[in-house]
Structures are given as structure tokens and as C-alpha cells.
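In what follows, a single structure is set out as C-alpha cells and then discussed.
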Amino acid sequence: MPVETELYELLGVVHTATEDDIKKAYKKKAREHHPDKNPDDPSAHARFQEVAAAYEILSKADTREAYDRYGMEGMSRGGGGGAPGFGGMDGMDPADIFAELFGASMGFGFDYGQSRGPRRRKGQDSHIPYEVTLEDLYNGKTVKMNMEKEVVCGICKGTGAKGNAKPKPCVKCEGKGWTNVTTALGPSRLGTHRAMCSECEGVGEKLRDKDRCKKCKGQQTVKEKTRQEIYIERGMADRQRVVLAGAGDEEPGIPPGDVIFTLKTRPHDSFERSGNDLLTTVHITLSEALLGFSRILITHLDGRGVHVTSPAGKIIKPGDSIILRGEGMPVHKTPDHKGNLYVMLEIDMPDESWLKTVDTKALAGLLPPKKPEMDPKPAVVDEVPFEESDIVDVRETPFKAGSSFFDHASGFQFGGGEDDADWEDEDEDEEDDGMEPECRTQ
């Protein structure tokens, strides 16, 4: 049992954790507490420093053994054969540890000041959720909208300065873009890390108020109203993205980012979608269930009436469903091909007022005979009063179009049948929706 477990607790692992467990825990904590992920949290740098220091010690067998044996106090005095101190991390920088595990492609940086150069290849993307109806996705739709974006100031050309004025080195950070911050890591333990200078925002230099551009106030960019147009293609899916390349905010020296619209489908009153298939519920009368029907069952998403004739002699039973092939959603990029439309048939029984208008004896002669009494009878029979209830057997309840079909248990599975083996749930991979962005060059 180690004399101290604080570093294990920082990573959220037990003291018996394996090397892989420690590495996975560090990756999770590093992402969570990374300063670039928490720009508005001044304590994020310190937490990230602590996590990086804990990983540096626990990831190596010799330093981990020394920590387990002597704790941090013993290590700070050189215990365990000169193990590295907690604050120094054997000369390793938290950014180096992070880059070693995640790679430079993560886009996180700790360097500040003029020497750092642009860390991004283009401006930041703007993500906008956009609500659409099922009709929009079925028929396609062109949307025009007014937007506001940042553009490089036309007066100072993005310098933020007035005339030929030049920025001066920041007094607070002495032009480095960062300052050293000391944080208490525990009793008698201090850690030092770099933090972006709050005065110059990490640039290392700053314009005097009188030298700032009058139009942009030294901000280098100004707001400008633009009119954008997006096209929602037929068959697009929920959560699919429409990308306007280069339509995002501008920044000096780098190409502008993109505007990315993420489609969010509004629940429909009559239809439910699964991939390229649709589901709906249609009510029929008892007469239609017994004698058949030939009528317009539904009004489709494009306004068409869909006429269906049931086969002669076919009796519709509660819970039955039919498939209308080629009446589902258009397949994206090949809208001439469509999925299927599944129709759940719900039988509406006549009420008591109708029964009073017919000859019940004649009706009984037409209907199938009642079930005979149980034979043999049980030894004990209790007479129980008949009382109506609001409880309905879930298996015989049709699914409303606005509810989630897959939340219900039923013998009928949407899209099932002989092709069950080929059916794929589009929601299996939550991390990636599998949809490629649709880019339109501006």
C-alpha cells in the first residue's frame, strides 16, 4: 500500500492501476482541464499542470515506485534515488507530455508571444443548429438568411493601428505573451506554470489607446451583415451538416473559417423516419377490416394522396401492418430512389350508439360464433364484475407518429422481416454520424 495516494486521486485511478489505465485516465483528464478548452477558467492552467505532473511521475516505473514508497515529501528531498520533484517534472513541459500522447493535430498550444506564429490554418468555424421539417427533407428547400460576421477592418487592413503606429512590447509580460503563475498544489508544495498574459492576451505587444484604429478600436475586425443561402437537399438526414466554405468570421493573416449548419428535424404529427424508411398509422373501420377497403389512406409529405386497395378476402387484424414500397424518403444524392413506407393499421371499433341501430340477432347470425364455455370447468368459479379501465395492453397499442417507435416493445419491428440481418441502426455510432459535410464554395 503506498504511503500517499494523492496523485492517483488526481487522475481518478486506484493505486493498483496498470500503465494503460493511467495513460487512459490522463488523456481524459488532460482533455477536460486543458487551458484552451477552458479559456474563461483562470484555474484551468493549474489543474492541467497538476494532472500532467501526476502522469509524469506515475507513468514511469522508477518514479512511481519512489512515490509509493516515500510520497511527495520524500521525493522532493531526493528520496528513491533522486526521483524528480513534483513541480519540475524532470524538465518535461505539460505541453510536451500532452503533444506526445495526442499529437500536434489537437491544435492546443502553450506558447505565447510574437514568436509563436499562427497555430491555426484558418479561422474558427461557426456552428449553427437549423431546425427543419420532414417535408423540407423530403422535398428539398432553399433557405436565404441574413447573418452577421467579423471581417478584417478596411481602414487599418487588420493591423488595429491608426496610420503607421506600431504596437509596443507589453509591460506586464515584457513581450513574452505569458507570465509565471505559482499555485499551491498541497501542503508545503507549490507548482509553477505559464499563463497567458491578461494584459496583451498572449500577443506580447499592445497598442496605446491613442494609436488604435478609430473604426475597429484596435480589434482588427468589424462586424458586417451578409446574406447567405443554403440548400437542403432531398433525403438529407437529421444531424447532417451543410457547410458554407469560407463564410465564417475573418481574422488577419489566415483564411476565414466555415459556417456549418447542423440540421435538426422537428417531430412530425403523422410520420416517423428511420433512415430512408417512413412509418405512419392509419385508422380503418371494422367494416374495412372485414370487407376490405379501396381509398386514399394518407396525404404524403409532398401533398400527394396515396390510394391503396386491400386484397379481396383479406381480413385485417389488430396490429397488422402493410408496406408501401418506394413511398419512403428519397435516398440522398439519388433522390429518384426511395425507401419504403410502413403503415400500421388501427381498427376503430363501433360505439354503443351504432349497436342500437342494428338488429343484434341478425348481426350475431352474420358474425363468427362466440367462444363456448370452458370445458371442463374449473372446480371453483368466481363471478367477478365487469369494470372498464384506461389501462391498455402495450402490444396492441399503435405507435403515434410523434413518439419514438423504437421505445415500444412489439412483435412488429420497423424495417424487420426477412431483411433483419441487413438492417443497420443509424444511431449505433454516437461519436460519428457518418454524414459528410456538404460544402458550397463562396
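The values are calculated or read from the model by the stated rules, or taken from the named source; none is laboratory data. Bear in mind that the values here come from a model prediction, so they are computed numbers and not experimental data. Note: ideal-geometry Cβ built from the backbone for every residue, glycine included; neighbour counts use all protein chains shown. These accessible areas exclude ligands, DNA and RNA; they are computed on the full protein's heavy atoms, side chains included. Shrake-Rupley method; radii C 1.70, N 1.55, O 1.52, S 1.80 Å.
Within the stretch 12-40, take every residue that is touching a helix residue (DSSP H, G or I) at 6+ places or on another chain (Cβ under 8 Å) and in a loop (DSSP other than H, G, I, E, B) and give me the one that is most open to solvent (accessible area, probe 1.4 Å).
Kept after step one, since they are touching a helix residue (DSSP H, G or I) at 6+ places or on another chain (Cβ under 8 Å), are these residues of the stretch 12-40: 12-15, 17, 22-23, 25-27, 29-31, 33-35, 37-38.
Checking which are in a loop (DSSP other than H, G, I, E, B) leaves us with 12-15, 17, 34, 38.
Working: Gly12: 62, Val13: 29, Val14: 93, His15: 69, Ala17: 10, His34: 1, Asn38: 41 Å².
It comes out as Val14.
Which of the following residues is modelled with pLDDT of 90 or more, open to solvent by 100 Å² or more (accessible area, probe 1.4 Å) and not in a helix (DSSP H, G or I): Lys371, Lys361, Lys400? Talk me through it step by step, then tell me what you get.
Numbers: Lys361 fails: not in a helix (DSSP H, G or I); Lys400 fails: modelled with pLDDT of 90 or more.
Exactly one of Lys371, Lys361, Lys400 is modelled with pLDDT of 90 or more, open to solvent by 100 Å² or more (accessible area, probe 1.4 Å) and not in a helix (DSSP H, G or I), namely Lys371.
When you check Glu224 against the structure, is it surrounded by fewer than 17 Cβ atoms within 10 Å (Cβ to Cβ) and modelled with pLDDT of 90 or more, yes or no?
So Glu224 passes the test.
Quick check on this structure: which one of Ala289, Ala237 is part of a helix (DSSP H, G or I) and either surrounded by fewer than 17 Cβ atoms within 10 Å (Cβ to Cβ) or touching a residue at least 12 places away in the same chain (Cβ under 8 Å) (or both)? Lay out the reasoning, then the answer.
Numbers: Ala237 fails: part of a helix (DSSP H, G or I).
Step by step, each of Ala289, Ala237 is checked, and only Ala289 is part of a helix (DSSP H, G or I) and either surrounded by fewer than 17 Cβ atoms within 10 Å (Cβ to Cβ) or touching a residue at least 12 places away in the same chain (Cβ under 8 Å) (or both).
For residues in the stretch 339-352 being over 19 Å from Glu135 (Cβ atoms) and in a loop (DSSP other than H, G, I, E, B), which is most open to solvent (accessible area, probe 1.4 Å)?
The initial filter retains those residues of the stretch 339-352 that are over 19 Å from Glu135 (Cβ atoms), namely 344-352.
Keeping just the survivors that are in a loop (DSSP other than H, G, I, E, B) gives 349-351.
Details: Met349: 132, Pro350: 56, Asp351: 85 Å².
Selected residue: Met349.
Among (1) open to solvent by 30 Å² or more (accessible area, probe 1.4 Å); (2) in contact with an Asp or Glu (Cβ under 9 Å, 6 or more places away or on another chain); (3) not in a strand (DSSP E or B), which single condition is Gly326 missing?
Of everything listed in (1) open to solvent by 30 Å² or more (accessible area, probe 1.4 Å); (2) in contact with an Asp or Glu (Cβ under 9 Å, 6 or more places away or on another chain); (3) not in a strand (DSSP E or B), Gly326 misses just condition (2).
Does the stretch 306-323 hold any residues that are open to solvent by 50 Å² or more (accessible area, probe 1.4 Å) and closer than 29 Å to Gly140 by Cα, and which are they?
His307, Ile323
Out of the stretch 228-286, which residues are within 30 Å of Val152 (Cα to Cα) and among the charged types (D, E, K, R)?
Hits for the stretch 228-286 are Glu229, Arg241, Asp249, Glu250, Glu251, Asp258.
Please find, among Asp336, Asp302, Asp269, the residue that is in a loop (DSSP other than H, G, I, E, B), open to solvent by 80 Å² or more (accessible area, probe 1.4 Å) and closer than 20 Å to Leu134 by Cβ. Reasoning before the result, please.
Working: Asp336 fails: in a loop (DSSP other than H, G, I, E, B); Asp302 fails: open to solvent by 80 Å² or more (accessible area, probe 1.4 Å).
Sole residue among the options that is in a loop (DSSP other than H, G, I, E, B), open to solvent by 80 Å² or more (accessible area, probe 1.4 Å) and closer than 20 Å to Leu134 by Cβ: Asp269.
Every residue in the stretch 308-357 that is more than 17 Å from Ser294 (Cα to Cα) and among the aliphatic types (A, V, I, L, M), please.
Across the stretch 308-357, the qualifying residues are Met329, Val331, Leu341, Met349, Leu355.
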